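Every number here is computed from the coordinates shown, using simple stated rules; none is lab data. Quantities reported herein were computed from a predicted structural model and do not represent experimental measurements. Counting neighbours? That spans all protein chains shown, and the Cβs are built from the backbone with ideal geometry, glycine included.
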Amino acid sequence: MSDFGSSNPCTWCDGCGNYGIWTAVKRALAELKIPPHGVLLCYDVGCHGNMSDKLSGYRFHGLHGRVIPFASGAKLANPRIPVIAHGGDGACFSEGIGHLVHAIRSNYPITFILHNNANYGLTTGQASSLTWQGQPMNTSPNSIPEATLPSMDFVFSLNPTFVARGFSGNIPQMVEILKAAVQHRGFAFVDMLQACPTYNKFATHNWLLEHVYDVAEGKHDTSDFANARAIAIDTSERISTGVLYQNMDAPSFYERLKPRENIKTVPTEEVAKVDVGEFMKEMV
Amino acid sequence: MTRVSLKITGAQGQGVNSVGELCAKGLKRAGYCVFGYREYMSLIKGGHSSYQLDISDTEIRSTETNVDILVCFNHHGLKKNLREVKQGGIILHQTSNVQLEGEDQQFIEDRKITILELPTEKILKELKAPPILGNTLLTSVVWSLLGQERASLEELIRERFGRKGERVLQMNLSCIEQGLVFLEEQKKRTHVVLSEPKEEWKNHMLLTGSQAMGLGTIHAGCRVFAGYPMTPSSPLLTFIADIQNRTGMVVKQAEDEITAVQMTLGAMHMGTRAMTTTSGGGYDLMTETVSLAGISETPLVIALAQRPGPGTGLPTWTAQGDLLLAVNSSHGELPRLVLSVSDAADSFSLMPEAFNYAEEYQMPVIILTEKQIAEALYTQSSFDQKSTELRRGKLLTDAQNVKGQDRYDPSVEDGISQRWLPGTEAETYCGQSYEHSPDGSFDETSQNAKDQAEKRMRKMDTLKQKLPEPELFGAADPEVLFVGWGSTKGAVLDAIEIGKGEKVGYLHYTYLWPLKTDKFVALSKQAKKVVLIEGNQQGQLGMLLKQECGIDIPDKILKYDGRPFFIDEIISALEDHV
């Protein structure tokens, strides 16, 4: 795990959930025996994005809301490299929500970690579409007039192939979730509930700690879509965490590309002058 | 040299393109250079569209305003395009009992125009042929009007319909026969005279600028292509997509333009060659990512196919209105290369260069094309593939000794630092959108911000020195110097060749940003007159030239009605200015 170290000191607030996720990502990669040069970590803009220079590994820190298409394009260029995309709930459920929809539908073979602290932390605590009702926030002092977006119901409505939920206070469980996500064949959606001690006064670390339970402790069938959806949505009393649903059979986007059938190389290895003589002959 | 032009008009979906393409192919095989130009509306069926073929034994790359033969699928063409018929021209139509109004009738008499009414419905009824065969019948008449041999048309028809079974083929051949019978029965002037055909054209290709650009893209080693449909960039996306099973490329029709450009950037960052294409509005959506490519020093290639804006504008027409957009788009100050194609030849040859520059200089490259180039049909010799170079600049294949801080090392003289790809066994770095230290870590210090900004912009100085000067066509010491870019070249060169061209030069800009001005300055000082010619309202290249070298060009020929420059417009402009 020390291979993933960085000399840059962390800049998050004390008690920020990103510390736990940051640790879990490094440990999961180390346990999967993926070296820093063997991974691409992509970051959106938000507090989580400040992780981009706090660890080793090939990284790219891009634009707000756009991490999913960037990471997907990178993955399609070299499907041999594991690609992990990080984005917050603001980036993923407001600015870039279209990308999430189509990534699930396309089943790109990448892992997406939703850093879910239910607000815009880096821009100083505005409401996101996942902020609870009744919470006064920066720019919405009377709380949000909009309805809160039912994120898990929404994700399940898109027929995903991998859905997990973790909690930033449980590193060992996040490590297991991330290992499964990285090894998943298609698009792995990982909702990491994280504390934001500065701006989120409702779903605090302690509140989350009291409400979460690990589905792996009971008899949970990750192939049961209906049950997974039901326990993912119902957070009224307890919040289910762990790998909630996984479809091992669905081929990824790349596997579905007919032109790539029987091609052993990857696009990054194929950059060379291509003879187009055959096509030219057909135009005479 | 004789130029002859043929315009086929009708509703979209009636077969205008199909007749036009068939004639183009046949004429090229017979030994003629053809140039095809399409006009159509932003709808699928109906409306009014046209396909014009200009035909010659010598090279032509432009369209004339008036035509020798007008073919009308329906009565609209008789009204809308009548005045475009030349003195002594021919109109072929298939509308029975058509009554032309007084002025139109007078026009026909004054110009001694021959009108031929083809009773298509009656002939097809007698043949028990379906309406679609009207296209073959019409083509047969047009073919004879052009003085072409029946056998060559039959060969084309066999090629096209042979695999659809004997019955369909025979029906088509009967239509050819009936077309000839019809023409024999006419007691009027029934053909136009083409010059002698030439052997050299027979082995040429017939292709659109989009197809040429697609071949260039594939040839350049592009392996990932993402796009979102938008006219007039769609034909390129479609061309690449249609042959994906043969090229093995990853082709993605994305959910929007932002996705398309982000996927392209991601694929480039990972280390393949990737590209996207769009038009004005779609490009607007991509500009934030262009800015990201600038600061993260990631190669990016975007083909921007221009049509008239603003807003939705004229979606199916042509323009050169997005030059300043390409040069100035995106927030912040960033290095970039903007270049423009002008015809099928450079739509092919500039694609490998676009990728080379993007990788060598690690910056966004925007290739401008226009609806006029993207959809025009060119007679083109086989592209030279031997001289193509693939240059990837400071991309390391052995990166064992590289350090993370080499990625954005601001001390490099030429501004270009080393680049190595994810997966390479080496120290890692962060491709960074925030202002960053040499290894891509956040760094907001004053000195670093200045150093990195200057490093990036130094790439523009390096690039500007490397780029070719604009190319001078026509007179070597022109007294009258025309300056332009893009598709304008075709019409200007054709006009210089047949007009009063001996003292006229045309300075053609391919590389538009960074802008080289030495040659322009020298030539404009020698010339008695300099004329700017552009397909936009403001004279955007003129604005850039003035900004970069202080020389203003007061004489301007500007066109911004969605139409390309026609050769006769340029000829009269030459007469005005020489």
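The tail of the calculated P(r) for segment B:4-203 beyond 22 Å holds 46 percent of all Cα-Cα pairs. Be a star and scan segment A:34-72 for residues whose amide nitrogen sits under 12 Å from the point 7 Å along the Cα-to-Cβ vector of A:Ser7. Under cut-off, by backbone N: nothing. What you get for chain B, charging only the Cβ of Lys and Arg (+1) and of Asp and Glu (-1), is a dipole of about 1280 debye around the Cα centre.
Ranking B:Gly89, B:Gln432, B:Leu541 by Cα position along the charge dipole of the protein assembly as shown, where only Lys, Arg, Asp and Glu carry charges on their C-beta atoms, puts B:Gly89 farthest toward the positive end.
Which value at 222 nm does chain B reach when only helices count, each DSSP H run of 4 or more adding -39,500 (n - 2.57), with the total divided by all residues and rounded to the nearest 500 deg cm²/dmol? Show your work: numbers first, answer last.
Details: 20 runs with 228 residues, N = 578.
That comes out to -12000 deg cm²/dmol.
Find the all-direction average of the projected area of the Cα convex hull for segment A:75-190, expressing the result in square nanometres with one decimal place.
7.8
All Cα-Cα separations within segment B:471-577 were binned at 10 Å from zero, giving a P(r) of 15, 53, 30, 2, each value a whole percent of the pairs.
Decide, for chain B, between rounded, prolate and oblate: order the square roots of the alpha carbon gyration tensor eigenvalues as a ≥ b ≥ c, take rounded if a/c falls under 1.5, and otherwise choose prolate if a/b is larger than b/c, else oblate.
Prolate, because a/c is 1.5 or more and a/b exceeds b/c.
Take every Cα pair under 8 Å whose residues are at least 6 apart in sequence, average their separation, divide by the length of chain B, and the relative contact order is 12 percent. Once backbone amide H atoms are built at 1.01 Å from N, B:Asp555 has B:Leu532 as its partners under 5 Å, excluding neighbours fewer than 5 places away on the same chain.
Taking the Cβ of each residue in B:Arg160, B:Arg61 as the centre, tally the other Cβ atoms inside 10 Å and list the residues starting with the fewest.
B:Arg160, B:Arg61
Here B:Glu166 and B:Gln405 are evaluated by their C-beta separation; at R0 = 56 Å the FRET efficiency comes out at 0.15.
Exposure proxy shown here: for B:Asp104, A:Asp44, the number of other Cβ atoms within 10 Å sets the order, fewest to most, as B:Asp104, A:Asp44. The overall shape of segment B:249-340 is oblate: from the C-alpha gyration tensor, with semi-axes ordered a ≥ b ≥ c, the ratio a/c is 1.5 or greater and a/b is no larger than b/c. Here B:Glu166, A:Glu269, B:Glu84 are placed in order of increasing Cβ neighbour count within 10 Å, fewest first, which gives B:Glu166, A:Glu269, B:Glu84. Structural descriptor for segment B:206-380: relative contact order 31 percent, calculated from alpha carbon pairs under 8 angstrom and at least 6 residues apart. In this structure, the residue pairs whose Cα-Cα separation is over 26 Å, taken from A:Lys54/A:Lys219; B:Lys489/B:Lys519; B:Lys45/B:Lys252, are A:Lys54/A:Lys219; B:Lys45/B:Lys252.
Loop-located chymotrypsin sites (Phe, Trp or Tyr not before Pro) in segment B:176-257 (DSSP state not H, G, I, E or B) with no more than 11 neighbouring Cβ atoms inside 10 Å do not occur. Beta bridges per DSSP, both residues in segment A:155-284: antiparallel share near 35 percent. Remark on B:Gln432: its backbone amide H falls under 5 Å from those of A:His61, a criterion applied only to residues 5 or more positions apart or on other chains, H modelled at 1.01 Å from N. Scaling the Cα radius of gyration of chain A by the globular reference 2.2 N^0.38 Å produces a ratio of 1.05.
Here the Debye sum runs over all C-alpha atoms of the protein assembly as shown as equal scatterers in vacuum, and log10 of I(q)/I(0) at q = 0.05, 0.07, 0.08 Å⁻¹ comes out as -0.34, -0.64, -0.79. Over segment B:304-394, Cα pairs under 8 Å with separation of 6+ residues give a relative contact order of 35 percent. In this Cβ point-charge picture (+1 for Lys and Arg, -1 for Asp and Glu), segment B:465-574 has a dipole of about 220 debye about its Cα centre. The antiparallel fraction among DSSP beta bridges confined to chain B stands at about 35%. Taking only Cα atoms and a 10 Å spring cutoff, compute GNM fluctuations for chain A and point out the largest among A:Met248, A:Met152, A:Met174. Residue with maximal mean-square fluctuation among A:Met248, A:Met152, A:Met174: A:Met248. Summarising the label geometry, the points placed 7 Å from Cα in the beta-carbon direction at A:Asp275 and A:Met248 lie 4.5 nm from one another.
Looking at the square roots a ≥ b ≥ c of the eigenvalues of the Cα gyration tensor of segment B:404-466, which shape do they give, rounded for a/c under 1.5, prolate if a/b is larger than b/c, or oblate? Oblate.
Each Cα pair of segment B:206-380 feeds into the Kirkwood radius, which the Stokes-Einstein equation turns, at 4 °C and 1.567 mPa s, into a diffusion coefficient of 84 µm²/s.
Only the Cβ atoms of Lys and Arg (+1) and of Asp and Glu (-1) were treated as charged; on that basis the dipole of segment B:4-203 about its Cα centre amounts to roughly 560 debye. Which of the GluC sites (Glu not before Pro) across segment B:467-523 are loop residues per DSSP, with 12 or fewer other Cβ within 10 Å? Counting only loop positions with at most 12 other Cβ atoms within 10 Å, the GluC sites (Glu not before Pro) in segment B:467-523 are B:Glu502. What number comes out for the charge environment of B:Pro119, summing +1 per Lys or Arg and -1 per Asp or Glu over other residues with Cβ under 13 Å away? For residues surrounding B:Pro119, the net value is -2.
Electrostatic tally near B:Ala453: other residues with Cβ closer than 14 Å to its Cβ, Lys and Arg +1, Asp and Glu -1, net -3. Count Lys and Arg as plus one, Asp and Glu as minus one, and take only other residues whose Cβ is under 12 Å from that of B:Glu154; the net charge is then -1.
Among DSSP beta bridges whose residues both lie in the protein assembly as shown, state the antiparallel percentage, nearest 5. Here the antiparallel bridges make up roughly 30 percent for the protein assembly as shown.
Since only B:Ile240, B:Gln262, B:Thr318 are under comparison, the one whose Cα sits farthest along the positive direction of the charge dipole of segment B:206-380, derived from C-beta charges on Lys, Arg, Asp and Glu, is B:Ile240.
May I ask which residue of B:Ala376, B:Asn74, B:Ile55 lies farthest towards the positive end of the charge dipole of chain B, with charges of +1 (Lys, Arg) and -1 (Asp, Glu) on Cβ and the Cα centre as origin? Farthest along the dipole direction, towards plus: B:Asn74.
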